[in-house]
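Novice: The structure under discussion is supplied below as structure tokens; questions concerning it will follow.
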Protein chains: 2
Amino acid sequence: MNAAPETWLAARERCHAQALAAVGQPVASLETPALVIDLDAMERNLQRMASFARAHGLRLRPHAKTHKSAELARQQMALGAVGVCVQKTDEALALAHAGVTDVYISNEVLAESKLARLAQAVRELPCRFALAVDSLLGIERLAAALAQARVEQAGAIDVFVEIDVGHGRCGASSPEEALLLAHQIQAHPTLRLAGLQAYHGGAQHLRTAHERDTALAASADAVRETMAQWQAAGLQVPLITGAGTGTLVREAGSGLWGELQAGSYLFMDADYAANEGDPGAPVFEHALFVKAQVISRGAHHAVCDAGHKSHAIDSGLPTVASPPGLQFANGGDEHGLLRAAAPEQLPALGDTVWLVPGHCDPTVNLHDFYVGVRGGLAQGVIERIIPIDARGAIR
Amino acid sequence: MNAAPETWLAARERCHAQALAAVGQPVASLETPALVIDLDAMERNLQRMASFARAHGLRLRPHAKTHKSAELARQQMALGAVGVCVQKTDEALALAHAGVTDVYISNEVLAESKLARLAQAVRELPCRFALAVDSLLGIERLAAALAQARVEQAGAIDVFVEIDVGHGRCGASSPEEALLLAHQIQAHPTLRLAGLQAYHGGAQHLRTAHERDTALAASADAVRETMAQWQAAGLQVPLITGAGTGTLVREAGSGLWGELQAGSYLFMDADYAANEGDPGAPVFEHALFVKAQVISRGAHHAVCDAGHKSHAIDSGLPTVASPPGLQFANGGDEHGLLRAAAPEQLPALGDTVWLVPGHCDPTVNLHDFYVGVRGGLAQGVIERIIPIDARGAIR
């Protein structure tokens, strides 16, 4: 063969074509490692979350940083979600270019070139955008980028003031600072003051319900103090947006939050499953799996072909969904070590192993597409290949 | 705008075009997070490694699981490397399709569909392939795949018997088992018995030189025992291949290994830098960085825009190369928390921060391309955009 060398994009396309060719085939034929959605389980999660938001009279704006997929965003919006959140400018643009019509970047953007790209998208794409801010510089640069792109429509973009509600990461650190930011947003006609971004990321993974209660009580206090300060200045807070899969019963029951941003409920990872449950919370199922294969066997261990390049381990190693009785140990970038109480329980060379990722979001970010399986992992059929449009969209 | 929704591949292409537009611009203009190669430092690392292998009269076959790039593989081969290693079938195919002419999959492949793809590549691509095996099943399936693809040339593919030299992962666990595998390879004319795969992954990251000495002494014993067994059966071992950046002086000085597989030397990560140095080992520099930007400031911390989706943390968090005096703390998927001894040392909103990844290989696997910078990180110019051809090629 003397064809010209293939480009990296052509390599991606070739692998995608390989995956598409498997549609309609039994899941048993699927090459490993593969990122698999149990579509039946995911759709039950989607319904449960939509019902929960509806029952509480709350807006649902799922976090697409979890799934990074326009197809899944549309599926969420078809069930009533008002739009989605993302964390990065290029994530927002990937989804908007792929047809999602309402995207909120729930994070700070300071780079002028990114804001220029966002402003151009505000002008040109059929999508409503929103952005979080926690600094005067962020507001000034956003307004300048819109002006530069000749966006002149009043309230062309929604702007949320992020306040720190306990995570200690981004967000205004006092009600006074938040008020100052609100006034500054109002000084720019192209910006619409949309409300408060109030999300406590760290609280999602506190193991006991009591710990989460304590953290969210403090978050609610921070929200109330900011609201009081704004009201004293004659300013209503239009909307408070936040909440994650680990805490959402609290935000939903607070009478404060009007919009829920949970994302992980779609897939549920091993880390969330380790949390003590909350009374009244919807019960979500594992719907995301890594299919792996045993490629080596020792007397007392098996080795499968999935390591850190197939699943993220920042929140712990994967658990083994099947076969039963296996422990997963760290085998490096490309391998997983499997151990069992007795060697006869170990899987054989070539056997399939199903893993539940420790943390869904960064695991999804390792893959170009999901393989959607209908009818269960054991006997199911590959129904569709779902592109992860915003994979690697970190800018 | 009413154009049809963009596909995920078009989104990748759009981001790539964005990156290409920056070539020739100062590094200061580069959007964050970005995966940056200091080309001057990398080229010094390349030269040092090539000299080391030459001085020891050893073949160098760098591990491309580190860089996953055809362009960098060719740069290594231009300096004398005989080819590269990879860990996965699709990694091998991505590099071979992109023009690399000698690729060794230093790992076990059991899936018949992957072996069929490899056999087709053996027949069609202008590339010499090799594969590691540690089971009779692996050998039988490889031979069957070649037959199925009508590959009939004698020794069409090189096959290495992997032996476990202390890591406890893949590899034959006894000299007898390794000999059995060697005989089975010889029973198939299309397979060429190429030698032993003897790599101790775990030893690379032992902190003290003494610990690594002890581990590699045991590895060398395992190699000698296998050689003795083969020789007693009238079989010479053609080549022993292995070694990594952390141990290579030992394999090079052993008189056993004939080929070095080090990969990380190209970039050097924070984890390798934490190893106690070895007398006689080439000194490699950090050449891979994540450029990040401060997007939020608190009274006692700054937040940058690089988290687990920009750098892998399986071997520890990144260190901060610049500005000096900063500690990086875990800020989640999209954020890094920066702390300093005194608040006035913290960077300001919008400032640039340069990170050294904890572990290069899985960090590279998060990105679609490198930004190659010439003339240093502070004042340099963006010289070239290097595609990471095999990113995500995990099958």
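Novice: Count the DSSP beta bridges whose two residues both fall in the protein assembly as shown, then state the antiparallel fraction as a percent rounded to the nearest 5.
Specialist: On the way: 58 of 114 bridges.
Looking only at bridges with both residues in the protein assembly as shown, the antiparallel portion is about 50 percent.
Novice: For a footprinting-style exposure proxy, rank A:Cys170, A:Cys360 by other Cβ within 10 Å, fewest first.
Specialist: Neighbour counts put them in this order, fewest first: A:Cys170, A:Cys360.
Novice: Something else: So if I average 1/r over every pair of distinct C-alpha atoms in region A:194-306 and take the inverse, what Kirkwood radius in Å does that give?
Specialist: Details: mean 1/r = 0.0611 Å⁻¹.
Result for region A:194-306 stands at 16.4 Å.
Novice: At q = 0.11, 0.13, 0.28, 0.30 Å⁻¹, work out log10 I(q)/I(0) for region B:262-322 with the Debye formula, treating every Cα as an identical point scatterer and leaving solvent out; two decimals please.
Specialist: Summing over Cα pairs of region B:262-322 leads to -0.34, -0.46, -1.34, -1.42.
Novice: Based on DSSP H runs of at least 4 residues, each adding -39500 (n - 2.57), what is the mean residue ellipticity at 222 nm of the protein assembly as shown after dividing by all its residues, to the nearest 500 deg cm²/dmol? Intermediate results must be reported in sequence, preceding the final value.
Specialist: Numbers: 22 runs with 250 residues, N = 790.
Helix-only estimate at 222 nm: -9500 deg cm²/dmol.
Novice: When chain B is treated as a GNM, springs tying every alpha-carbon pair under 10 Å, which of B:Leu216, B:Leu193, B:Leu58 comes out with the largest mean-square fluctuation?
Specialist: B:Leu58
Novice: Continuing with the same structure: Quick one: in region B:1-144, what % of C-alpha pairs are over 21 Å apart? Could the numbers behind the result be given before it?
Specialist: Numbers: 6025 of 10296 pairs.
Summing the P(r) of region B:1-144 above 21 Å gives 59 percent of all pairs.
Novice: Taking chain A as a Gaussian network, where each spring joins two C-alpha atoms under 10 Å apart, which residue of A:Ala98, A:Ala178, A:Ala299 fluctuates the most?
Specialist: Sorting by GNM fluctuation, first place goes to A:Ala299.
Novice: Same structure again: If you put a point 7 Å past Cα along the Cβ direction, how far is that point for B:Pro189 from the same point in each other copy, in nm, smallest first?
Specialist: Going from nearest to farthest copy, the values are 8.5 nm.
Novice: Would you tally the net charge around A:Val161, using a Cβ to Cβ cut-off of less than 10 Å, leaving A:Val161 out, and scoring K and R as +1, D and E as -1? Display every interim value, and only then the final one.
Specialist: Values: positive: none; negative: A:Asp134, A:Glu162, A:Glu177.
That sum, taken over residues with Cβ under 10 Å, equals -3.
Novice: Same structure again: Helices from chain A with mean Kyte-Doolittle at least 1.0 and a Cα length along the axis of 20 Å or more, per DSSP H: which? All intermediate terms of the calculation are to be shown ahead of the outcome.
Specialist: Working: long enough: A:39-55 (24 Å, -0.41); A:209-232 (34 Å, -0.50).
Both cut-offs are met by no helix.
Novice: Where Rh is the Kirkwood radius over the Cα pairs of region A:118-159, the temperature 37 °C and the viscosity 0.692 mPa s, what D in µm²/s does Stokes-Einstein return? List each step's numbers first, then the result.
Specialist: Working: Rh = 10.5 Å.
The calculation lands on 314 µm²/s.
Novice: For the protein assembly as shown, what is the number of Lys pairs with C-alpha distance below 14 angstrom, counting only pairs 8 or more positions apart or on separate chains?
Specialist: 15
Novice: Here's another thing I want to ask about it. Would you please report the Å³ per residue occupied by the convex hull of the alpha carbon atoms in region B:96-226? Write down the numbers at each step before the final one.
Specialist: Numbers: hull volume 14.1 nm³, N = 131.
Per residue, the Cα convex hull of region B:96-226 comes to 108 Å³.
Novice: So for chain B, Kirkwood radius off the Cα pairs, Stokes-Einstein at 4 °C and 1.567 mPa s: how many µm² s⁻¹?
Specialist: Numbers: Rh = 22.3 Å.
Estimated diffusion coefficient is 58 µm²/s.
Novice: Quick check on the exposure proxy: order B:Arg44, B:Arg141 from fewest to most C-beta atoms within 10 angstrom.
Specialist: So the ranking, lowest neighbour count to highest, is B:Arg44, B:Arg141.
Novice: Using a label point 7 Å beyond Cα on the Cα-Cβ vector, give me the inter-copy distances for A:Ala232 in nanometres, one decimal, shortest first.
Specialist: 8.8
Novice: Also, quick follow-up: Which three numbers, in whole Å and largest first, are the semi-axes of the equivalent ellipsoid of the protein assembly as shown derived from its Cα gyration tensor as √(5λ)? Intermediate values should be presented prior to the final figure.
Specialist: Values: eigenvalues 435, 163, 116 Å².
Whole-Å semi-axes of the equivalent ellipsoid: 47, 29, 24.
Novice: Starting from a label point 7 Å past Cα on the Cβ side, list the distances from B:Val283 to the same position in the other copies, nm, shortest first.
Specialist: Label-point distances to the other copies, shortest first: 6.2 nm.
Novice: Per 5 Å bin from zero, what fraction in whole % of the C-alpha pairs of region B:39-272 is there, up to the bin with the longest pair?
Specialist: 1, 7, 15, 19, 20, 17, 12, 7, 2, 0, 0
Novice: Given the options B:Val159, B:Val283, B:Val103, which has the most mean-square fluctuation in a GNM of chain B, springs set between C-alpha atoms less than 10 angstrom apart?
Specialist: In the Gaussian network model the winner is B:Val283.
Novice: Now, a different point. Of B:Met227, B:Met268, how do they rank once you tally other Cβ atoms within 10 Å and put the fewest first?
Specialist: Working: B:Met227 18, B:Met268 22.
Least to most surrounded, the residues fall as B:Met227, B:Met268.
Novice: Per 5 Å bin, what percent of the C-alpha pairs of region A:273-385 does each bin hold, from zero upward?
Specialist: Over region A:273-385, the share of Cα pairs per 5 Å bin runs 2, 11, 21, 22, 20, 14, 7, 2, 1, 0 percent.
Every number here is computed from the coordinates shown, using simple stated rules; none is lab data. Just so you know, these numbers come straight off a predicted model, no measurement behind them. Cβ: placed from backbone, ideal geometry, glycine included. Neighbour counts: every protein chain shown.
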